[in-house]
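**Q** The following block contains the structure, expressed as structure tokens.
Values quoted throughout were computed directly from the atomic coordinates according to the rules given, and no laboratory measurement underlies them. Treat the numbers as computed from the prediction; the structure is a model and nothing was measured. Every residue, glycine as well, gets a Cβ built from its backbone with ideal geometry; the counts of neighbours run over all protein chains shown.
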Amino acid sequence: MLVRLVLSLIFSLISSQAISAQLPKQLTESDRQEVLKILGFGSATKLNSDPTPLGGHSGLEFFISSDVISIESLQKLGDRSGSGNQIMSNSIGVGKGLFFDIDTYLFFSPLQLQNKYSQMGAYIRKVIYTDDNRPWRAALSLHGNGTSYENLVNLTTSGVDLIFSYEWPEITVSAGVGQARTIGTFIGGGIGPNGPYGINDTSDTFSGDLQQHHWLVSISRRWEKTYLSLEYDRYYDATFSLKFGYRL
């Protein structure tokens, strides 16, 4: 999986398309709950970054990232018409330092034609504790994003996390805990001659709402103005994220 993640990050420099995947249709109420668990929280904003503050008004960062979500369990739902075991998405973004160790980040994933996936989100990070004698740091992060899958499932996910980091000269290890909420809309549409128009087992459109605890572990490596960071997130299931950033 890590090899595919690295390759996806490289491909994102030259392509906006993600690895092809398609969700099953004819989803029941219990099916939609599973989709919310896997895709709603799986698509939550990844706080994967060098935790060192950007440094006030002069701090600026550009980054590209690649996330992977396993959807193998979802392919057993509904009419089992889906394909692919993973959704791998690429995004680009920018971070800006403000004041008092507050950093803001914006990112988006252009519409990726192969799996009709798009995402836009933001998060803000505030360092709330720094140890003067040891390289410890604690930060609070607020995040939110909107994600669309195949124009059939629209998700809004938000949350808050407390993250602790320990820094060596070039490597930083972080761990965090938090809480998140995801709200999903599943588009209905009935059944036509070539199959269902929507994703539900009826023509109605449904909404769902879930909350879940979150924990994460990440490691980042710095080279002067650049860094490479790998993060493991878990809500109901595990997701992985790889990010390459450049700071001015």
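**Q** Does anyone have the angle between helix 2-11 and the longest principal axis of the chain? Alpha-carbon axes, 0 to 90°, nearest 10?
**A** Taking Cα atoms only, the helix is inclined about 90 degrees.
**Q** So for each of 83-95, 31-43 I average, over its residues, the number of other beta carbons within 10 Å; can you give me the resulting order with the highest mean first?
**A** Ranking the peptides 83-95, 31-43 by packing returns 31-43, 83-95.
**Q** Which one of K25, K76, K126 has the biggest mean-square fluctuation once the chain is modelled by GNM with Cα springs under 10 Å?
**A** K76
**Q** Using a cut-off of 12 Å between beta-carbons, work out the net charge of the residues near K76 (Lys and Arg +1, Asp and Glu -1, K76 not included).
**A** Here the charged neighbours net out to -3.
**Q** Turning to a different aspect of this structure: Residues in region 55-89, backbone N under 18 Å from the label point at L248 (7 Å along the Cα-to-beta-carbon vector): list them, ranges by number please.
**A** Residues passing the 18 Å test: 55-64.
**Q** Over the chain, with a Gaussian network built from C-alpha contacts below 10 Å, which listed residue (D50, D132, D204) shows the highest mean-square fluctuation?
**A** Largest GNM mean-square fluctuation: D132.
**Q** Please give the net charge around L47, taking every other residue with its beta carbon less than 15 angstrom from that of L47, where Lys and Arg add +1 and Asp and Glu add -1.
**A** Summing Lys and Arg as +1 and Asp and Glu as -1 gives -1.
**Q** Checking the table K37/K116; K46/K76; K25/K46 against a 24 Å threshold on Cα-Cα, which pairs fail?
**A** Beyond 24 Å between Cα atoms: K46/K76; K25/K46.
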